[in-house]
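The next block holds one structure in the form of structure tokens; read it before the comments.
Nothing in this text is a laboratory measurement; each read-out follows from the coordinates by a stated rule. Everything numeric in this text was worked out from a predicted model, so none of it was measured. Because the Cβ atoms are built from the backbone with ideal geometry, glycine has one as well, and the counts that use them run over all protein chains shown.
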Amino acid sequence: MADTLTGSAPVPHFPMARAAGCPFDPPPRLRAQQDEGRFVRVELWDGSRPWLITRYADQRALLLDPRVSADIGTPGYPLQAPVSGRSNISFILMDDPEHARLRRMVTAPFAVKRVEELRPVVQGIVDDLIDDMLARSGPVDLVEAFALPMPSLVICRLLGVPYADHDFFQENSKVLIKRDAPVEDRTAAHGRLLAYLDDLVAEKTEKPGDDLLSGLVGRIGAGELTRGDAAEMGVLLLLAGHETTANMIALGTLALLEHPDQLARLRETDDPGLIASAVEELLRYLSIVHGGRRRAALEDIEIDGHLIKAGEGVIMPNDIANRDPEAFPDPDRLDVTRDARRHVAFGFGVHQCLGQPLARMELQVVYGTLYRRIPTLRLAANALELPFKHDGSVYGVYELPVTW
Ligand code: HEM
């Protein structure tokens, strides 16, 4: 069995740095590792040495394997950063059958048919935000004026969270996913969000509405869910529902502005097929949830001649899997006409993104509207000097100054 700990090769650190000047590309070190095709060990902040898996086929095989655990309490789990004793974040960090039991309680509102019913609402939100932007004179920060409010308004409506509280939950979400923030700050942000969601669940117990949180109140009443678990699920959905899509809107717009030929194709079409294909390609090309899917082996697993032993961690960065030439020819080229639907930007296996139909629909509305309504949209800053989110679990830009 191959194990690169043999010999005197130094163990690389993870996360690895992106190359200056290539803000859309995975770290070059990951590419080198993929080219060599080996499993390597990497060293994390706590000195632990999980396996780094870079090839698309290997990642998909492992993410489908029931012998890997997403529970951060499993021995060998490769932690992204220190955690406090109380860290739950609901079913994304649980294994089946409990993961599946909880996930099933909230799948219905994210089903394709239900999401499609929301499309006109999302179109209205997008149009209103663009009207507001156009009423101002540039430059405008696209993150603050458009990318962040759009998915926040949508997930608030779906969950039954008052949008008026957006400053509060956006700020705390930002801290919670900031890998480099002190553990006390992340724990405090998590605690504030949990208390907030717990209050909302209590309010909806008194006065239920037609929203997802009120649906969870019904589950509490039926003895299927504790109030604490309902609040924790609310934190996961509120956080995942706005941060990710917001980054895809801002970073996707930057990528298109930096690839004017691709932007022109989008601007000049009203073909829903091409818009949908552009969404998949940008998801693949940008792979914003870039810290790697993380799991721990519950049993010995042999994969392609390599042995991962029980109790060892694995990290599977989807940014490099989505640039594997064996899965996507000429992978570093952004091509909105390619069929990129097999990408792993939403993960793979049982934890594959619950909100993907919603994210897809929101991005289709945005990419199909923004550049047609503001055809002269352009960057009002040097692209390479923008504040990129190298320090977060979700990649993107903190600000995107644009004008028109
Ligand atoms: C472009 C936007 C999005 C991207 C790139 C994205 C990406 C991901 C990824 C990579 C995972 C897998 C995590 C893992 O395997 O460890 C995931 C899971 C998840 N996502 Fe998303 N996501 C997006 C939007 C959303 C939205 C809008 C929601 C709505 C609430 C959402 C809710 C979730 C939930 C609940 C999970 C956990 C699923 C489970 O553990 O069973 N995501 N997402």
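Numerical summary
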{"item": "Protection proxy ranking, peptides 364-372, 330-338, average beta carbon neighbours within 10 Å, highest first", "result": "364-372, 330-338"}
{"item": "Dmax and Rg, reported as Rg then Dmax, of the range 136-263 (C-alpha, Å)", "result": "17.0, 56"}
{"item": "When the convex hull of its Cα atoms is projected in every direction, mean area for the range 294-381 (nm²)", "result": "9.0"}
{"item": "Nearest-20 debye value, the chain charge dipole, Cβ charges on Lys, Arg, Asp, Glu", "result": "300"}
{"item": "Mean separation of Cα contacts under 8 Å (6+ apart) over length of the range 247-381, as relative contact order %", "result": "32"}
{"item": "DSSP-assigned coil residues among GluC sites (Glu not before Pro) in the range 224-298, each with at most 15 further Cβ atoms within 10 Å", "result": "224, 258, 268"}
{"item": "Cα-based Lys pair tally, the range 28-403, threshold under 29 Å, eight or more apart or on separate chains", "result": "5"}
{"item": "Candidates per GluC sites (Glu not before Pro) in the range 304-404, loop by DSSP, up to 11 other Cβ within 10 Å", "result": "326"}
{"item": "Gain on full stretching of the segment that runs from residue 376 to residue 300 - 0.36 nm per residue minus C-alpha separation", "result": "21.8 nm"}
{"item": "Scattering profile of the chain at q = 0.07, 0.09, 0.15 Å⁻¹ [log10 I(q)/I(0), Debye over alpha-carbon scatterers]", "result": "-0.32, -0.54, -1.52"}
{"item": "Diffusion coefficient, µm² s⁻¹, Stokes-Einstein with Kirkwood Rh over alpha-carbon pairs of the range 119-168 at 25 °C and 0.890 mPa s", "result": "213"}
{"item": "For peptides 350-359, 72-81, sequence by mean Cβ density within 10 Å, most packed first", "result": "350-359, 72-81"}
{"item": "Longest to shortest principal axis, alpha-carbon extents of the range 87-197, angstrom", "result": "50, 40, 21"}
{"item": "Residue with peak Gaussian network fluctuation, the chain [Cα springs, cutoff 10 Å], from 87, 287, 214", "result": "87"}
{"item": "Cα-based Kirkwood hydrodynamic radius, the range 225-304, one decimal, Å", "result": "16.0"}
{"item": "Highest to lowest packing among 186-198, 133-145, 112-124, 48-60, scored as the average C-beta count within 10 Å", "result": "48-60, 186-198, 133-145, 112-124"}
{"item": "Whole-number percent relative contact order across the chain, with pairs defined as alpha carbons under 8 Å at least 6 apart", "result": "26"}
{"item": "Choice from 389, 207, 309 with maximal GNM fluctuation in the chain (Cα, 10 Å cutoff)", "result": "207"}
